[in-house]
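To start, the structure under review is shown below, and the notes come after it.
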Amino acid sequence: MFNSMLQTAWWAKFKETASWVPQRLDGVMTLTRNLPFGKSLTYIPESPLDQKTLAVVEATKIKAPPGRIFTRFEFFELWTAEKAAALLELGLMKSFEEVQPEYRQWVFLDKPESQILKDMKSKGRYNIKTAERHHLKIGTGINNESIQTLHSLYQETANRADFQGRSADYFRRLAQMLSQNNCGEIVTVSKDNEPLAAVLVSFFGGVASYLYGGSGADRTLMASHLAQWETIKLAKKHGCFLYDLLAVAPPDNPSHPYVGITRFKTQFGGQTVRMLGSWDLVHSPFWYSLYRFAEKRRRKVLR
């Protein structure tokens with residue numbers, strides 16, 4: 001696999017502003033969150049399934065800090081039955097929830113733009129061409145105006161889809177952090193000074209990742225399709241070989257809440273992949289059961 005931006009020191013510093021305590025163990029970045037009653041959990045984001053991470057697994061099995069409920073290992077690897085069986089053999093269990101998406105849509109960029117277009121579904125190509133005929137204005141760059149535009153369109157999208165979105169302050173901190181490390185851009189699409197669509201994308205290790213986006217109520221101009229196409233072209237200019245559109249629904253699950261966004265993302269071609277994802281090493285089964293119950297209840301309320 002490839003390196004993840006979530007294992008960098010600057011990402012850990014960003015998470016520190018959200019009450020996570022970063023620590024690097026044997027070259028692996030870990031994030032610990034302190035909980036009430038002297039309890040805690042540790043999350044290891046998007047780490048490869050290699051000897052360094054396995055050494056952390058073994059060390060944590062031998063001696064976990066007092067009060068630790070569980071340690072969540074998130075493996076940045078493609079799923080195979082053999083890898084899953086090996087993790088079970090190590091004493092890990094599949095997490096009751098994923099942190100980063102388990103199923104993702106990947107579009108490979110190591111080919112000419114014309115071939116990327118050709119590999120898209122016909123509906124995707126048609127909608128991009130429709131948007132181009134409307135002569136929409138494309139903007140790129142991270143600044144106060146583009147951050148505000150992105151969050152406004154994102155919040156509008158969240159309201160339509162009936163989910164609780166991230167705050168404007170979160171967007172500002174995230175976008176500025178990416179800008180400071182030369183690892184991100186905001187792409188905006190507008191017409192007559194009216195924002196229609198926006199995308200926040202990161203660039204790291206040859207991979208572009210679609211982090212957040214949003215669109216206005218008028219979707220007849222196909223601005224969201226054009227925003228994604230401009231993001232793909234921008235990713236190629238940054239030397240990326242892969243565009244990770246992130247979360248999609250599992251195949252053959254027509255009732256999944258991501259079905260609508262999956263229909264949109266798969267129009268750009270590529271393939272749906274399953275990640276090995278999150279696995280928990282449980283240190284206190286009683287407290288783990290309580291935490292799992294509370295977390296599922298919290299997420300249900302937020303939804």
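The values are calculated or read from the model by the stated rules, or taken from the named source; none is laboratory data. Just so we're clear, the structure is a prediction, and the values are computed from it rather than from any experiment. Cβ: placed from backbone, ideal geometry, glycine included. Neighbour counts: every protein chain shown.
Residue by residue, here is whether (1) in contact with a Phe, Trp or Tyr (Cβ under 9 Å, 6 or more places away or on another chain); (2) surrounded by 18 or more Cβ atoms within 10 Å (Cβ to Cβ) holds:
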| residue | (1), (2) |
| --- | --- |
| V107 | yes, yes |
| S114 | no, no |
| Q155 | no, no |
| R166 | yes, no |
| D192 | no, no |
| V207 | yes, yes |
| Y210 | yes, yes |
| R219 | no, no |
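Restricting attention to region 38-69, the residues being more than 16 Å from Q23 (Cα to Cα) and either outside the structural domain of A86 (by TED's automatic domain parsing) or not acidic (D, E) (or both) number 12. Cβ separations smaller than 9 Å between residues 6+ apart or across chains give no pair from region 36-50 residues that are free of Cβ contacts under 8 Å to residues at least 12 places away in the same chain to residues that are in a strand (DSSP E or B).
Among the residues making up region 55-71, those that are surrounded by 17 or more Cβ atoms within 10 Å (Cβ to Cβ) and out of contact with any Phe, Trp or Tyr (no Cβ under 6 Å at 6 or more places or on another chain) are V56, V57, T60, A64, R68, T71. Filtered by the rule that a residue be surrounded by 14 or more Cβ atoms within 10 Å (Cβ to Cβ), out of contact with any Asp or Glu (no Cβ under 9 Å at 6 or more places or on another chain) and touching a residue at least 12 places away in the same chain (Cβ under 8 Å), region 124-138 gives G124, N127, I128, T130, A131, H134, L136.
Name the one entry in R298, R292 that is among the charged types (D, E, K, R), part of a helix (DSSP H, G or I), without any contact (Cβ under 8 Å) to a residue 24 or more places away in the chain and not assigned by TED's automatic domain parsing to the domain that holds N182.
Matching residue, one of R298, R292: R298.
Only a single item in (1) at pLDDT below 95; (2) within 19 Å of the chain's Cα centre (by Cα); (3) more than 19 Å from K94 (Cβ to Cβ) is not met by V301, and it is number (2). Looking only at region 1-32, which residues are surrounded by 15 or more Cβ atoms within 10 Å (Cβ to Cβ) and of a type in the set (K, R)? Result: K15, single match.
Taking I44 as the residue in question, decide whether it is closer than 28 Å to T272 by Cα and buried (at least 20 other Cβ atoms within 10 Å of the Cβ).
Taking the combined requirement at face value, the residue satisfies it.
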